[in-house]
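Some notes on the structure that comes next.
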Amino acid sequence: MDHFLYRDGELFAEDVAVADIAAQVGTPFYCYSTATLTRHFQLFNEALEGTDHLVCYAMKAASNQAILKTLAALGAGMDVVSGGEYARAKAAGVPGDRIVFSGVGKTAAEIRAALDGGIRQFNVESEPELRVISQIASAMGATAPVTIRVNPDVDAKTHAKIATGKSENKFGIPIAKARAVYAEAASLPGIEVIGIDVHIGSQLTQLEPYEQAYQKVAELTEQLRADGHNIRRLDLGGGLGIPYTRSNEAPPLPMDYGALVKRTLGHLGCELEIEPGRLIAGNAGILVSEVIYVKDGVGRTFLILDAAMNDLIRPAMYDAHHEIVPVKEAEPGVEMAPYDIVGPVCESGDTFAKGRVMPPLQAGDLVAFRSAGAYGAVMSSEYNTRPLVPEVLVNGDQFAVIRARPSFDEIINRDTIPAWL
Ligand SMILES: *Cc1c(COP(=O)(O)O)cnc(C)c1O
């Protein structure tokens with residue numbers, strides 16, 4: 001459920017008419033709903049009720065400071081994957097002891113900054129990383145809390161670009177090597193091993209891969225404890241899918257996921273962390289765009305929008321499907337027609353949908369891409385020198401621009417001219 005609903009034939013974001021935002025902000029823009037962000041965070045929190053747990057929002061899904069502050073105020077921790085995200089989490093007021101640091105390529109500078117500013121734990125992905133963290137922490141007179149990310153070699157049954165839990169993926173250490181790596185970790189002076197981390201992919205639409213992975217984690221926990229390690233925290237990644245279409249997809253509910261976690265891992269008495277990104281932000285955001293032209297092609301009609309692949313790259317990059325709906329609801333019984341929905345960018349990859357059946361649309365009409373809150377604005381670019389798409393946050397009957405559209409001068413003045421020109 002989200003809070004983007006029609007009222008009297010007009011699309012609203014909570015209690016604000018989307019067309020009113022468009023009139024003030026201009027298109028294209030992203031629009032997020034506070035109520036939806038809150039609801040989704042609470043769903044996870046409730047799903048793990050009765051366990052010692054922390055929901056760490058995977059902020060790479062949507063990392064605007066206003067979104068982070070909204071979630072932090074509810075008690076969310078943050079999962080960060082870069083020094084920049086760490087700085088964003090701190091800037092949003094998240095204390096270090098609620099920030100976990102994931103990612104296969106943490107640099108020495110990033111590790112130092114996190115140890116300096118405080119960190120709940122590093123989710124370590126390789127032996128060389130373990131050694132570098134130990135060296136840096138020791139030199140700082142500190143001990144770094146770590147979980148080690150194990151790769152359980154399960155098929156997450158999702159898009160290849162976002163599957164991470166097979167042995168062919170770059171993530172984590174093979175679970176078969178885990179005992180040896182934990183033994184080395186325990187011998188390193190700057191490291192305190194506190195737990196196990198696992199994350200098998202994104203947009204998972206079945207629970208069964210989680211079941212397989214968590215059973216392996218449960219076995220490993222017992223083995224590692226028998227080896228003398230004090231395993232007391234399990235970080236379970238994220239990845240629960242969301243419905244991108246209204247009809248044929250019904251991904252598992254957080255409540256069922258929570259029940260699975262409790263059933264497979266609850267008996268171990270560990271503190272649990274989960275890192276949802278998409279499920280918190282995905283359906284909490286839409287991308288609003290205006291139709292520039294309706295162009296007749298050979299055997300097809302193109303709907304040319306003012307949003308493009310640089311604003312929302314998921315269709316081009318992941319073959320992703322987004323529902324695209326008119327901001328002014330179609331009259332009942334109106335004749336629908338197929339459109340190829342494209343942006344203005346100069347490549348054919350700039351196609352949002354082919355043969356999408358829509359009510360009749362004209363230049364000047366507004367459309368909204370649903371489920372665009374996660375991996376939308378954060379992946380946007382200024383390709384074709386199209387200004388970075390602005391972001392708006394709605395809260396009840398209020399809205400605010402939370403990232404303004406840059407002017408052409410601001411964009412151009414970021415470049416600097418060498419002395420010889
Ligand atoms: C991307 C990522 C997540 C979040 O995945 P979602 O599918 O957005 O829930 C969680 N943990 C790690 C380590 C990630 O890389």
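The values are calculated or read from the model by the stated rules, or taken from the named source; none is laboratory data. Just so you know, these numbers come straight off a predicted model, no measurement behind them. Cβ coordinates were reconstructed from backbone atoms using ideal geometry, including for glycine residues, and neighbour counts include every protein chain displayed.
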Scanning the stretch 287-322 residue by residue, those in contact with a Gly (Cβ under 8 Å, 6 or more places away or on another chain), assigned to a loop (DSSP other than H, G, I, E, B), more than 29 Å from S202 (Cα to Cα) and aliphatic (A, V, I, L, M) turn out to be none
### Residue check, V150 aliphatic (A, V, I, L, M) and at pLDDT 95 or above
yes
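Quick one: would you say I231 is surrounded by 21 or more Cβ atoms within 10 Å (Cβ to Cβ), within 15 Å of the ligand (Cβ to nearest atom) and hydrophobic (A, V, I, L, M, F, W, C)?
Judged against the criteria, I231 is not a match.
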Pairing a residue in the stretch 265-292 that is more than 23 Å from Y214 (Cβ to Cβ) with any residue that is within 16 Å of the ligand (Cβ to nearest atom) and part of a strand (DSSP E or B), where Cβ atoms lie under 6 Å and the two sit 6 or more apart in sequence or on different chains, gives A284/Y32; G285/Y32
Exercise for the section: Inspect the stretch 117-128 for any residue being of a type in the set (A, V, I, L, M, F, W, C), at pLDDT 95 or above and not in a loop (DSSP other than H, G, I, E, B) and give the result as yes or no. Expected result: yes
Residues in the stretch 158-175 that are more than 14 Å from V104 (Cα to Cα), in a strand (DSSP E or B) and more than 14 Å from the ligand (Cβ to nearest atom) total 0
Has the stretch 176-194 got any residue that is among the hydrophobic types (A, V, I, L, M, F, W, C) and within 15 Å of the ligand (Cβ to nearest atom)?
-> no
Matching residues in the stretch 77-106 (within 13 Å of the ligand (Cβ to nearest atom) and either at pLDDT below 95 or part of a loop (DSSP other than H, G, I, E, B) (or both)) number 7
Fill in: Flag for A320 being within 16 Å of the ligand (Cβ to nearest atom) and assigned by TED's automatic domain parsing to the domain that holds G9
yes
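Return the residue satisfying two criteria in turn: it lies in the stretch 240-252 and is of a type outside the set (D, E) and without any contact (Cβ under 8 Å) to a residue 60 or more places away in the chain, and of such residues it is farthest from the ligand (Cβ to nearest atom).
S247
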Flagged in the stretch 164-194 as modelled with pLDDT of 95 or more, over 11 Å from L224 (Cα atoms) and hydroxyl-bearing (S, T, Y), in numbering order, are S187
Within the stretch 323-339, the residues that are over 24 Å from A23 (Cα atoms), among the hydrophobic types (A, V, I, L, M, F, W, C) and in a strand (DSSP E or B) are A337
Over the stretch 45-76, the set of residues part of a loop (DSSP other than H, G, I, E, B), without any contact (Cβ under 8 Å) to a residue 40 or more places away in the chain and within 15 Å of the ligand (Cβ to nearest atom) is A76
When restricted to V298, V288, the only residue away from the ligand (no atom under 16 Å from the Cβ), surrounded by 22 or more Cβ atoms within 10 Å (Cβ to Cβ) and assigned by TED's automatic domain parsing to the domain that holds Q362 is V288
Picking from L272, L265, L204, the residue that is surrounded by 15 or more Cβ atoms within 10 Å (Cβ to Cβ), assigned by TED's automatic domain parsing to the domain that holds S63 and within 13 Å of the ligand (Cβ to nearest atom) would be L204
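Residue-wise test of (1) at pLDDT 95 or above; (2) part of a loop (DSSP other than H, G, I, E, B); (3) touching a strand residue (DSSP E or B) at 6+ places or on another chain (Cβ under 8 Å); (4) exposed (fewer than 15 other Cβ atoms within 10 Å of the Cβ).
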| residue | (1), (2), (3), (4) |
| --- | --- |
| R356 | yes, no, yes, no |
| A363 | yes, yes, yes, yes |
| V367 | yes, no, yes, no |
| A374 | yes, yes, yes, no |
| V378 | yes, no, no, no |
| N384 | yes, no, no, yes |
| L388 | yes, yes, yes, no |
| V394 | yes, no, yes, no |
| V401 | yes, no, yes, no |
One residue is enough: does the stretch 326-342 have a residue meeting the conditions over 23 Å from S33 (Cβ atoms), in contact with an Asp or Glu (Cβ under 7 Å, 6 or more places away or on another chain) and assigned by TED's automatic domain parsing to the domain that holds V291? yes
Within the stretch 133-157, of all residues that are of a type outside the set (A, V, I, L, M) and away from the ligand (no atom under 14 Å from the Cβ), the one farthest from A213 (Cα to Cα) is G141
